[in-house]
Protein chains: 2
Amino acid sequence: MKKFLNSPESLLEESLTGFAKAHADIIQLNKQPYFIQRNSPTPADKVALISGGGSGHEPLHIGFVGTGLLDAACPGQIFTSPTPDQMLAAAQAVDNGGGVLFIVKNYAGDVMSFEMAAEMLNIPTATVLVSDDIALPKTHSIGRRGVAGTLIIEKIVGAAAEQGADLSTCQALGNKVNNVTASLGVALHSCTVPALGKPTFELTDTEMEMGVGIHGERGHDTLPLTSATEIVEQIARKIDEELKPQAGQNVLLHINGLGSTPLIELYLIYDLAAQFWEKRGVNITRSLVGNYTTSLDMAGCSITLTLLDEQLTALWDAPVHTAHLRWGC
Amino acid sequence: MKKFLNSPESLLEESLTGFAKAHADIIQLNKQPYFIQRNSPTPADKVALISGGGSGHEPLHIGFVGTGLLDAACPGQIFTSPTPDQMLAAAQAVDNGGGVLFIVKNYAGDVMSFEMAAEMLNIPTATVLVSDDIALPKTHSIGRRGVAGTLIIEKIVGAAAEQGADLSTCQALGNKVNNVTASLGVALHSCTVPALGKPTFELTDTEMEMGVGIHGERGHDTLPLTSATEIVEQIARKIDEELKPQAGQNVLLHINGLGSTPLIELYLIYDLAAQFWEKRGVNITRSLVGNYTTSLDMAGCSITLTLLDEQLTALWDAPVHTAHLRWGC
């Protein structure tokens with residue numbers, strides 16, 4: 001294992017300390033327990049948005065705390081759920097009278113921790129479960145996982161909360177976006193978790209892993225590595241079958257790097273995915289390309305599509321000021 | 001070699017096409033010859049800023065074209081200088097009566113191409129040579145290379161140009177920033193150039209390469225891999241000896257990922273570098289952490305320090321609206 005590291009045990013604390021120093025204008029770090037909260041004042045009765053999950057996916061979620069997005073993020077150890085005391089403390093810190101909306105990627109540990117926090121709180125709470133990963137069937141016993149579509153849900157709901165939408169409206173909006181968002185990922189090599197010291201799975205030089213999640217788990221199929229055009233076709237076809245965008249439909253196309261895939265390749269993927277939907281008459285009216293929901297140093301990418309209407313487009317465009325997503329303010 | 005690729009020959013064109021589609025609100029692509037230019041109108045007599053160089057360093061330079069930064073960028077093939085016809089065509093397209101400033105990373109091929117373009121142009125031109133990489137001695141025959149400090153120079157000069165500074169003022173400002181900026185990089189493993197198909201150099205599991213550039217070239221020393229604290233000390237000490245910041249000096253600290261190093265490690269590096277200068281009474285008043293000047297999928301990072309005064313700080317803070325650097329507008 002080759003990493004910049006003092007020890008696997010101290011990495012999260014040291015890294016969060018660096019993050020808080022680098023972005024002291026936007027966020028602050030609470031250390032006991034860990035959460036990152038926004039600095040900017042929140043309007044009275046604004047719904048507070050809190051997300052969180054295992055670390056190792058940066059900039060998700062800590063990089064998206066700030067005006068127009070999350071009020072707080074609770075980072076667990078690498079690929080490990082945060083504990084309920086983190087969400088409890090974060091909620092008490094950022095609640096401003098409007099209640100708290102938890103945005104939770106659908107993993108058993110995350111769901112349980114957020115649920116326990118909600119039960120302990122004397123504040124109105126609601127939860128949006130993110131399940132955009134179509135690698136698993138809709139009928140899977142634990143349900144589908146939350147992956148790169150999480151940011152899109154957080155951004156859109158964050159804008160609505162900033163504009164004064166109430167708790168049930170924010171929750172309904174989050175569910176709406178989750179229902180029109182689908183993602184699928186592919187890896188060329190796995191990631192190395194510092195505490196483990198070796199890749200979480202092995203692929204030969206001629207293999208790729210289709211349907212990977214973001215925790216170094218295997219996908220649903222180990223397939224022969226093929227051309228970028230063919231890989232994008234395989235992924236885009238499955239997303240298209242899921243969401244069935246009609247000709248004339250406006251969409252947001254998000255190409256997400258999983259960690260060590262260069263931007264020059266991500267923009268190639270973007271072009272090929274754009275061609276896929278352009279041929280079908282779908283209008284790609286918004287886009288996002290880069291490393292937003294990563295899996296440490298995994299080589300690979302995911303494609304996410306969200307069906308847009310006027311409301312979702314306007315909320316996507318609304319001002320946002322965080323460490324790693326910023327426009328309009 | 002495992003990459004998302006149709007062919008090494010078509011990668012640049014396909015990727016630029018994707019980039020132009022994804023960011024059609026900010027930039028446009030000219031294909032014969034290749035350059036990216038900003039969409040937003042430029043004030044009359046504004047100095048036009050043009051940079052360029054080999055591809056494979058994205059988001060540098062194409063991701064930094066837009067309001068408050070570059071007017072155009074000329075991408076060569078991967079790690080290959082652009083040709084003079086690109087800068088010639090870009091200059092003719094974006095000149096707005098104020099002349100053209102070329103910001104050129106100091107590599108023989110880039111310097112020659114930009115010089116030839118300048119000679120062919122009937123427009124006043126000036127050049128800033130970027131040489132922030134202290135891996136080579138100041139007395140090196142070709143001079144020091146331009147690396148991650150390039151973005152800092154481009155951002156500061158871009159703000160001045162947007163505010164109406166004339167050509168000689170912009171050139172002097174660029175030289176001023178270059179003189180107070182120093183960078184040094186370290187790699188844990190090299191990158192794989194698509195046309196080559198294998199890493200450009202090999203390191204064992206216990207080695208690191210100190211003083212790497214951004215083209216997959218070896219550095220000045222192959223050293224034993226050590227703790228993050230010790231690596232940062234080694235780098236920061238050399239930068240400190242070069243720039244000699246005094247206690248009370250304001251600085252910009254930039255931790256740049258070379259491609260496949262996760263953000264969680266880059267923020268650890270940031271914290272350690274910040275501690276190094278904080279101990280010496282230096283004020284880190286601005287920061288930038290992330291993958292800005294990459295070397296394809298190289299694992300590694302560089303540390304860049306720029307000494308700030310009030311003028312440079314205000315220009316750094318000025319609004320910028322590009323694909324990969326955006327604030328204040």
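The values are calculated or read from the model by the stated rules, or taken from the named source; none is laboratory data. Worth saying up front: this structure is predicted, and the values here are computed from it rather than measured. Reconstructed Cβ throughout: ideal geometry from the backbone, glycine too, with neighbour counts over all protein chains shown. The protein model used for the area step is the full one, side chains on, heavy atoms only, and it has no ligands, DNA or RNA in it. Shrake-Rupley method; radii C 1.70, N 1.55, O 1.52, S 1.80 Å.
Things worth noting here:
- Once segment B:168-207 is narrowed to residues that are within 12 Å of chain A (Cβ to nearest Cβ) and free of Cβ contacts under 8 Å to residues at least 60 places away in the same chain, the residue that is least open to solvent (accessible area, probe 1.4 Å) is B:LEU203.
- Exactly one residue among A:PRO43, A:PRO8 is within 12 Å of chain B (Cβ to nearest Cβ), over 21 Å from the mean Cα position of the chain (by Cα) and open to solvent by 30 Å² or more (accessible area, probe 1.4 Å), and that residue is A:PRO8.
- Of all residues in segment B:272-287, those that are on the phi > 0 side of the Ramachandran plot have Cβ atoms under 6 Å from Cβ atoms of residues that are of a type in the set (A, V, I, L, M, F, W, C) and modelled with pLDDT of 95 or more, 6 or more apart or on another chain, in B:GLY281/B:ALA247.
- Only residues that are surrounded by fewer than 22 Cβ atoms within 10 Å (Cβ to Cβ) and acidic (Asp, Glu) were counted in segment A:62-117, giving 2.
- Selection status of A:THR125, within 14 Å of another protein chain (Cβ to nearest Cβ) and more than 23 Å from A:ALA182 (Cβ to Cβ): no
- Applying a threshold of 9 Å to beta carbon distances and a minimum spacing of six or more residues, or different chains, the list of pairs starting in segment B:134-153 at a residue that is modelled with pLDDT of 95 or more and ending at one that is open to solvent by 20 Å² or more (accessible area, probe 1.4 Å) and among the charged types (D, E, K, R) reads B:ILE134/B:ARG144; B:ILE134/B:LYS238; B:ILE134/B:GLU241; B:ILE134/B:GLU242; B:ALA135/B:ARG144; B:ALA135/B:ARG145; B:ALA135/B:LYS238; B:ARG144/B:LYS138.
- Selection status of B:ASP45, under 30 Å from A:SER302 (Cα atoms) and part of a loop (DSSP other than H, G, I, E, B): no
- Filter result for A:ALA274 (more than 19 Å from A:LEU151 (Cα to Cα) and either part of a strand (DSSP E or B) or touching a strand residue (DSSP E or B) at 6+ places or on another chain (Cβ under 6 Å) (or both)): yes
- Of note, B:HIS57 does not satisfy the criterion of being modelled with pLDDT of 95 or more and open to solvent by 10 Å² or more (accessible area, probe 1.4 Å).
- Under the condition of being more than 8 Å from chain A (Cβ to nearest Cβ) and open to solvent by less than 10 Å² (accessible area, probe 1.4 Å), the residues counted in segment B:291-301 number 4.
- Qualifying residues in segment B:259-290 (those that are in contact with an Asp or Glu (Cβ under 9 Å, 6 or more places away or on another chain) and open to solvent by 30 Å² or more (accessible area, probe 1.4 Å)) - the one farthest from the other protein chains (Cβ to nearest Cβ): B:ARG280
- Some residue of segment B:258-278 being more than 18 Å from A:LYS21 (Cα to Cα) and among the aliphatic types (A, V, I, L, M): yes
- Checking each residue in segment A:303-329 for being within 14 Å of chain B (Cβ to nearest Cβ) and part of a loop (DSSP other than H, G, I, E, B) picks out A:PRO319, A:ALA323, A:HIS324, A:LEU325, A:GLY328, A:CYS329.
- So A:THR229, is it at pLDDT 95 or above and in the same structural domain as A:ALA161 (by TED's automatic domain parsing): no
- Scope segment A:46-65; condition away from every other protein chain (no Cβ under 13 Å) and of a type in the set (D, E, K, R); matching residues: A:LYS46
- Odd one out for B:ASN256, checked against (1) open to solvent by 10 Å² or more (accessible area, probe 1.4 Å); (2) away from every other protein chain (no Cβ under 12 Å); (3) not aliphatic (A, V, I, L, M): (1)
- Scanning segment B:217-253 for residues that are more than 14 Å from chain A (Cβ to nearest Cβ) and in a helix (DSSP H, G or I) yields a count of 7.
- Taken over segment A:120-166, the criterion of being more than 17 Å from A:ASN96 (Cβ to Cβ), part of a loop (DSSP other than H, G, I, E, B) and either within 13 Å of the chain's Cα centre (by Cα) or of a type in the set (Val, Ile, Thr) (or both) is satisfied by A:SER131, A:ASP132, A:ILE134, A:THR139, A:ILE142, A:ARG145, A:GLY146, A:VAL147, A:ALA148.
- Between A:ALA172, A:ALA117, A:ALA187, A:ALA91, the distinction of being modelled with pLDDT of 95 or more, assigned by TED's automatic domain parsing to the domain that holds A:THR261 and either in a loop (DSSP other than H, G, I, E, B) or at negative phi (or both) belongs to A:ALA187 only.
- Cross-chain or 6+ apart pairs with Cβ under 6 Å, segment B:303-329 first and open to solvent by 50 Å² or more (accessible area, probe 1.4 Å), then among the β-branched types (Val, Ile, Thr) and in a loop (DSSP other than H, G, I, E, B): none
- Test: residue in segment B:68-85 that is within 13 Å of chain A (Cβ to nearest Cβ), on the phi < 0 side of the Ramachandran plot and in contact with a His (Cβ under 6 Å, 6 or more places away or on another chain): no
- Segment B:11-40 - residue that is part of a strand (DSSP E or B) and within 13 Å of another protein chain (Cβ to nearest Cβ) and, of those, farthest from B:GLY109 (Cα to Cα): B:ILE27
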